Amino acid sequence: MEEGKARKFQVEFTASAKFHFFENLEYFYENYTQDRAEQLANELEEMAQSLKLLPHRGTYEKWLFDAKYVYRFILFRRTKRADIKIIYYIDDETDKVFVTDFFPTESDGEKMPDRNL
C-alpha cells in the first residue's frame, strides 16, 4: 500500500441486512413525514457505506460473541433515545465488510443472534 493512502474496503449487504434495512424504512415512512423518512433512509445507508474507511472503528457486539465471525457495530442515531445498530463483520483477506443487520436498539438484544447467522 502506498504511504499515506488509507486502506479502502468494499461494503456488501447480506440478504438479511437488506431485509432489515427495508423493515427500518417501512418504520420510517409509517412514523415520520416523507421528507424526514427519506433523510433517515439516506443517512442510514451513508453510515453503513462509511465502513469502507476505517471499519475497525466499530464496537464489538456482545450479543454475538459466540458467533462464527467477529461482529462489530456502529450506531446510527435515529432520535435522541432510539438508535439503530449497523452490525457487520470484516474479512481482512478480501478487504470486504459484510453488513448483516440494521438492529433497532429498542428491540430485545437476545433476538440478535438469530438474525445474524
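Those residues that are more than 12 Å from N116 (Cβ to Cβ) and under 14 Å from the mean Cα position of the chain (by Cα), I need them from segment 55-69; list them, please. Across segment 55-69, the qualifying residues are P55, H56, R57, G58, T59, Y60.
Check segment 7-19 and report whether any residue there is under 16 Å from D91 (Cβ atoms), surrounded by 14 or more Cβ atoms within 10 Å (Cβ to Cβ) and touching a helix residue (DSSP H, G or I) at 6+ places or on another chain (Cβ under 6 Å). For segment 7-19, residues under 16 Å from D91 (Cβ atoms), surrounded by 14 or more Cβ atoms within 10 Å (Cβ to Cβ) and touching a helix residue (DSSP H, G or I) at 6+ places or on another chain (Cβ under 6 Å): present. Inside segment 65-102, residues that are closer than 23 Å to A41 by Cβ and modelled with pLDDT of 95 or more make up a count of 16.
Test A48 against the criterion of being assigned to a helix (DSSP H, G or I), farther than 18 Å from N116 by Cβ and of a type in the set (A, V, I, L, M), and give yes or no.
Here the answer is no, as A48 does not meet what is asked.
Among the residues of segment 52-85, those identified as among the basic types (K, R) and part of a loop (DSSP other than H, G, I, E, B) are K68, R78, K80, R81.
Only one of the numbered conditions (1) part of a helix (DSSP H, G or I); (2) out of contact with any strand residue (DSSP E or B) (no Cβ under 7 Å at 6 or more places or on another chain); (3) of a type outside the set (F, W, Y) is not met by N24, and that is (2). For segment 46-72, filtered to residues that are crowded, with 18+ Cβ neighbours inside 10 Å and out of contact with any Leu (no Cβ under 6 Å at 6 or more places or on another chain), the residue that is farthest from V99 (Cα to Cα) is W63.
The rows are residues; the columns are (1) over 23 Å from S107 (Cα atoms); (2) polar (S, T, N, Q).
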site	(1), (2)
A15	no, no
K18	no, no
F22	no, no
F28	no, no
R36	no, no
S50	yes, yes
L54	yes, no
K62	no, no
R77	no, no
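The values are calculated or read from the model by the stated rules, or taken from the named source; none is laboratory data. Here the structure is a predicted model, which is why all the values come from computation and not from measurement. Neighbour counts run over all protein chains shown; Cβ positions are idealised from the backbone, glycine included.
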